[in-house]
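Notes follow the structure.
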Amino acid sequence: MGMWVRGVVMLDSPLVAGWRANLVRMSKSLSIIRPFSPGAKSYKRRTSWANEEEALAHFAAKRQFARWDPEVLRDYIRY
């Protein structure tokens, strides 16, 4: 079977809606954005695990990743 995909570019674009969007907008106007920024989660994001199985369990428990096909999630973790 031939390779269909040569590579994937992953972009982390946090989306903010509802009352959180209003909080971000207000904090920008007051120049106190960092604690309320969508990027604030990136500062705290975990970036390493003991092994692939631990990472798989971590991401599979998250709502956004739980719907992914298990093999796609495994490839995401591996690469």
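Provide the gained length on full extension for the span R67 to A21, in nm with one decimal, where the gain is 0.36 nm per separating residue minus the Cα-Cα distance.
Here the segment from R67 to A21 would lengthen by 14.0 nm.
At a probe radius of 1.4 Å, what is the per-residue accessible area of M26, in Å² to the nearest 10?
Answer for M26: close to 110 Å² accessible.
Hey, rough spin-label estimate for A57 and R6, points 7 angstrom out along Cα→Cβ, what's it come to in nanometres?
3.9
Ranked by accessible surface with a 1.4 Å probe, highest first, in what order do L56, L23, L30 come?
Order by accessible area, largest first: L30, L23, L56.
The values are calculated or read from the model by the stated rules, or taken from the named source; none is laboratory data. If you're wondering where the values come from, they're calculated on a predicted model, not measured in any experiment. When we count neighbours, we look across all protein chains shown, and the Cβ atoms used for this are built from the backbone with ideal geometry, even at glycine. Note: accessible area is taken over every heavy atom of the protein model, side chains too, but ligands, DNA and RNA are not part of it. Shrake-Rupley method; radii C 1.70, N 1.55, O 1.52, S 1.80 Å.
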